[in-house]
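Remarks on the structure that follows.
The values are calculated or read from the model by the stated rules, or taken from the named source; none is laboratory data. Bear in mind the structure is a predicted one, so any value in this text is a computation, not a measurement. Every residue, glycine among them, receives a Cβ derived from its backbone with ideal geometry; neighbour counts consider all protein chains shown. Remember, those area values only see protein heavy atoms, side chains included, never the ligands or the DNA or RNA. Shrake-Rupley method; radii C 1.70, N 1.55, O 1.52, S 1.80 Å.
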Amino acid sequence: MSASTEGNARAAGYAPHPYVGGRTAALRALAAWRMRWPGAPRVIVLTGNPGSGRSRLLTGFLMLCDPEYRKQLPMDDLDPATVPPDLPAPAVPSAAGRTAAQVLWLLADHFELAAGRTEDVFAELAARDEPVTIVVPDVDQAGPVRAAEEATRVVREVLTPLAATETVQLLADVPRELATELAGALPASQVQVIDLDAPEWADPKGLVLHAETALDAGSGAPELPYTTDPAARRALAEALAERAAGSRLTVQLAVQSLLMQPEGFDPADASQLPMSVGEALDLHARRLGADPQTLRLMLAPLAFAEGDGLPVQLLGTLANAVAGRDMSQDLADGMLLAAPFIQPVEPSSEDDEDGTGEDAEAGAGDGRTLLRLMHPALAEEIRSGLPDVRDTQTRIAMALLEEVPQQDWAQADPYIRDHLAAHTLEAGLLPQLLTDPGLFAHADPVTLRAAIEAVPLEQLGAPARTYLRTAPLLTRSQASATLRAAFLESAFVEDGLAPYAEALHTRGFRLPWRTLWSVPLAGVRAVTTGSVAAVGEDGTAVSRSVAALLVPEGTPGSRALPDAADGAVPPQDGSDAADGTAAGEDAGAVNGDGAAAAGGRTALLLHDLRAPEYVDADPSQVVQPSEEDRAAAPLGFSRGADYLRVWARADRRMVAALVSDSPVTDADLSPDGVLVVATERGVTARQILVAAPPAAPSVPAQRTGTTDADASHGLEGDHS
């Protein structure tokens, strides 16, 4: 199949695709791939220059693949060879704005896979009896952070393994620099590269039709000599297409420019027709009597914008920062100048990342207007024209930081708190930013994590490493800012960073707990709370609250278990609902079966319930709360494999929810509200705060643990 089929299709009287307006050769190849025609490749890699029309072609093809949308198309008028069979729609996990892991887990959810790890996804797809069809668009736009180069990870970690899976029929829209790598991983007989800029796939006549349709007054263009006269319209369309050398984006920008501001345009003057995206910008400015560099500076903030777009109220601030001068008058006078290259965006529902509004400034995410450039290639053109991209990003980052009121991230514009890290990443300043735990809690964890993971691990400080370790939990749980702060507070204590944990108690969050201590003690079989007799500083006998930990025999500081006949009993799993199915009954009831159930020889280790120190006392002297004490306690709890819920007994209201990044071994809640949780990585005690946090003393310094927490590598098991 080649571009020569375009003429054959038109000669046969077939109508062009109403959305694509051409590309017959490519549509025929895609239809053959969809119907698994003999000799058709199992994998197609669609590529081309930015602005070549890849996304438009893929969208038009997916219209033909959707059973419902086909009903709206003139199917009988189209070339039958371009129409795929009427099959269920393929899976279409768009990569735009998503990490490699998010793309993969979209697929897992779509096919309802039971996979718990990334490699399990590919294994389950390979085990299917029937092939599955997957279309992955917009790989060039992958990732929540531009500078993190997520497109490379999508190709290597998702597309390449999918392409190697024999039961997967794959079509992917990939940047040219990655297309060869993806195609080269497969035998030549299984893969086909469709490069829309290559002669065999080029569609010059389709480009003329595209321009002619856009110029047609009957399609909404203003009435002008070259929009109402068919001959003049056709002549201008041919001239535009010829000058643009196959770039649909160049043609689109040229048409938008002359239709929005037709004054001063002479269709007979070929020098007014752009040959590239950059020329489309500059010719438009000159025709309107403006300085092209001024137009580029006005658009520069949008060329660096992250996410869905830049809030309009930040445009002036960032334009001033980029230009190094006051751009307010240029912006006030020049919005019509910039209009052909800008589009407004409705904020997504995820824009207020808290979901509840509980931690955000009232109205911060409501009614905002976002702006972005018409196409990513425009952004690349503007960025490439700046003398120093890194210096520009530094100016932008500093300007955004100055817009945070009193450095209170709760009051910051959502764009700033979610995307400042992306700007500082490209400026080379991200490690210096990662010192404020308030930012860690308020920023979108998917975006912040992607930015931090793009920094070499050795350049990160201890707080950033703790954040990376905790980030999978933050994204998996889809926690609000308050709950993210609570999880991070515990993580900082676990990693010996108590000042950062304490700082979160001063940032205006109503945290559900205060983490009292944490020990990285592996192998804890069970926990219970109680008290033991001790000698006070004045020599008098006092009762000391403790957490009794059932540990393997030989654990330093542990003592052998007392005999059951002596009246003392070892702790055991006393959670309300160990399977997580219900709130259950009172927690903490124990019997003498704990040691046997744990398996192996065990001992008892006593830890102070409220301070980071072990207690040297006779385990036989430990007194556990009675059933009456537990029943009278104001709080109860229930747990599952990796989560716990604490609730008020009076009204069954949940007061705290804890999700663990490792399986929960056991837990207990003291009558006065100290929750002790043992996981596979250690034991942590948290004082549950039912009301607003009291003026409690600082979190005690962590006696054990590591300061430089290991970072999390990859997104295995993270479905967010």
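In table form, for the structure just shown:
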| read-out | value |
| --- | --- |
| Criterion (in contact (Cβ under 8 Å) with a residue 24 or more places away in the chain, open to solvent by 30 Å² or more (accessible area, probe 1.4 Å), in contact with a helix residue (DSSP H, G or I) (Cβ under 9 Å, 6 or more places away or on another chain) and not aliphatic (A, V, I, L, M)) met by exactly one of GLU166, GLU150 | GLU166 |
| Condition met for GLY496 (touching a Gly at 6+ places or on another chain (Cβ under 6 Å) and in contact (Cβ under 8 Å) with a residue 40 or more places away in the chain) | yes |
| Qualifying residue in the stretch 662-676 (condition: at pLDDT below 95, under 18 Å from VAL493 (Cα atoms) and touching a Pro at 6+ places or on another chain (Cβ under 6 Å)) | no |
| Conditions (1) closer than 14 Å to VAL43 by Cβ; (2) free of Cβ contacts under 8 Å to residues at least 40 places away in the same chain; (3) not small (Gly, Ala, Ser): number failed by PRO90 | (2) |
| Unmet requirement for VAL455, which otherwise passes all of (1) outside any helix (DSSP H, G or I); (2) touching a Leu at 6+ places or on another chain (Cβ under 6 Å); (3) over 13 Å from PRO431 (Cβ atoms) | (3) |
| Residue match in the stretch 363-373 (condition: within 18 Å of GLY97 (Cβ to Cβ), of a type in the set (Gly, Ala, Ser), within 22 Å of the chain's Cα centre (by Cα) and at pLDDT below 95) | yes |
| Test for ALA450: is it of a type in the set (A, V, I, L, M) and not in a helix (DSSP H, G or I) | no |
| Residue that is small (Gly, Ala, Ser), under 16 Å from the mean Cα position of the chain (by Cα) and open to solvent by less than 10 Å² (accessible area, probe 1.4 Å), where the choices are ALA486, ALA479, ALA454 | ALA479 |
| Of residues in the stretch 43-84 being touching an Asp or Glu at 6+ places or on another chain (Cβ under 9 Å) and of a type in the set (Lys, Arg), the one least open to solvent (accessible area, probe 1.4 Å) | ARG54 |
| The stretch 489-544 - residue that is part of a loop (DSSP other than H, G, I, E, B) and under 21 Å from LEU604 (Cα atoms) and, of those, least open to solvent (accessible area, probe 1.4 Å) | VAL524 |
| Looking only at the stretch 103-118, and only at residues there that are under 20 Å from the mean Cα position of the chain (by Cα) and open to solvent by 30 Å² or more (accessible area, probe 1.4 Å), the one that is farthest from ALA163 (Cα to Cα) | GLY116 |
| Residue count for the stretch 21-37, restricted to those that are surrounded by fewer than 22 Cβ atoms within 10 Å (Cβ to Cβ) and over 17 Å from VAL132 (Cα atoms) | 1 |
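Condition check ((1) among the basic types (Lys, Arg); (2) free of Cβ contacts under 8 Å to residues at least 60 places away in the same chain; (3) farther than 29 Å from LEU474 by Cβ) across all residues:
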| residue | (1), (2), (3) |
| --- | --- |
| GLU489 | no, yes, no |
| ALA501 | no, no, no |
| SER531 | no, no, yes |
| ALA548 | no, no, yes |
